[in-house]
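Below is one structure; the comments refer to it alone.
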Amino acid sequence: MDSQLRLGTFADRVTWFLESQGRWSGPQLAEQCPRLDMAIVRTLGPGVSTLFWSDGSKSRVVPMHTGLDVVHNPANADFWIPRAVSFSFTSCNFGGERTWFLCPRCDRRRAVLYAYPGFLCRTCNGLTYSSTHRRPPWRPEPVCLVQTI
C-alpha cells in the first residue's frame, strides 16, 4: 500500500516526518527494536507500568481487559507516541484461552509487537531477522551440471 494512505495515526505521521527529515532511519532488524511480548504483559500488575528498553527508550503501559494503552518515548527524543493495542483471545484445546495482541495497522493476531517507533507487528514495520541475511554454511555453492550424450 502507498505510504501516503497510511499516515492516519499519530505514530505513522511521526515516523514519516522523521524519515523525511533524515533524523530517523529506523532499525531494519527485529533484534534492534524494543519488543513488547505477551509474556511481559502477563507479568504486569494493574495500573501504569514503565518499561525501560536497552536502546534508551521507554514505554508506559496501562493494561486493561480488552487491550493496552501504550505511550512510547523513542531514545533521544523529546516526544511521546500514543498507541492503543487491542487483545484477541483464542481457546486452547485442553481448556483456557490464549491472549494475543492485535496489530493496530493490519489487525492480525501477534504475540510480539515492535516499537518502530510506535508498536506494530514485524510485518507492518518491515523488519527482518538477522538470520535471514546470512548464507547458511551447509548450503553448497550452485553447480551447473552438464549432461553428455
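For the stretch 36-49, how many residues meet the condition of being of a type outside the set (Ser, Thr, Tyr) and open to solvent by less than 30 Å² (accessible area, probe 1.4 Å)?
Filtering the stretch 36-49 down to residues of a type outside the set (Ser, Thr, Tyr) leaves 36-42, 44-48.
Narrowing the set further to residues that are open to solvent by less than 30 Å² (accessible area, probe 1.4 Å) leaves 36, 38, 41.
The total comes to 3.
Using the structure shown, decide if residue 87 is modelled with pLDDT of 90 or more, under 21 Å from residue 43 (Cα atoms) and touching a Leu at 6+ places or on another chain (Cβ under 8 Å). Spell out the reasoning first.
Values: modelled with pLDDT of 90 or more: yes; under 21 Å from residue 43 (Cα atoms): yes; touching a Leu at 6+ places or on another chain (Cβ under 8 Å): yes.
So residue 87 fits the description; yes.
Looking at the stretch 50-77, which of its residues are open to solvent by 20 Å² or more (accessible area, probe 1.4 Å) and either part of a strand (DSSP E or B) or among the polar types (S, T, N, Q) (or both)?
The initial filter retains those residues of the stretch 50-77 that are open to solvent by 20 Å² or more (accessible area, probe 1.4 Å), namely 50-56, 58, 60, 62-66, 69, 71, 75-77.
Of everything in the stretch 50-77, those that are open to solvent by 20 Å² or more (accessible area, probe 1.4 Å) and either part of a strand (DSSP E or B) or among the polar types (S, T, N, Q) (or both) turn out to be 50, 51, 52, 54, 58, 60, 62, 63, 66, 69, 71, 76.
Could you please give the count of residues in the stretch 78-104 that are more than 19 Å from residue 39 (Cβ to Cβ), open to solvent by less than 70 Å² (accessible area, probe 1.4 Å) and not in a strand (DSSP E or B)?
Adding up the residues that qualify gives 3.
Based on this model, can you work out whether residue 107 counts as on the phi > 0 side of the Ramachandran plot, out of contact with any helix residue (DSSP H, G or I) (no Cβ under 8 Å at 6 or more places or on another chain) and open to solvent by 70 Å² or more (accessible area, probe 1.4 Å)? Break it down stepwise before answering.
Working: on the phi > 0 side of the Ramachandran plot: yes; out of contact with any helix residue (DSSP H, G or I) (no Cβ under 8 Å at 6 or more places or on another chain): yes; open to solvent by 70 Å² or more (accessible area, probe 1.4 Å): yes.
Judged against the criteria, residue 107 is a match.
Looking at the stretch 116-135, can you tell me whether even one residue there is open to solvent by less than 80 Å² (accessible area, probe 1.4 Å), aromatic (Phe, Trp, Tyr) and at pLDDT below 90?
Yes, because at least one residue in the stretch 116-135 is open to solvent by less than 80 Å² (accessible area, probe 1.4 Å), aromatic (Phe, Trp, Tyr) and at pLDDT below 90.
The values are calculated or read from the model by the stated rules, or taken from the named source; none is laboratory data. Owing to the predicted nature of the structure, the values given are computational and were not obtained by experimental measurement. No Cβ is skipped: glycine too gets one built from the backbone with ideal geometry, and neighbour counts run over all protein chains shown. Ligands, DNA and RNA are excluded from the accessible area calculation, which covers all protein heavy atoms including side chains. Shrake-Rupley method; radii C 1.70, N 1.55, O 1.52, S 1.80 Å.
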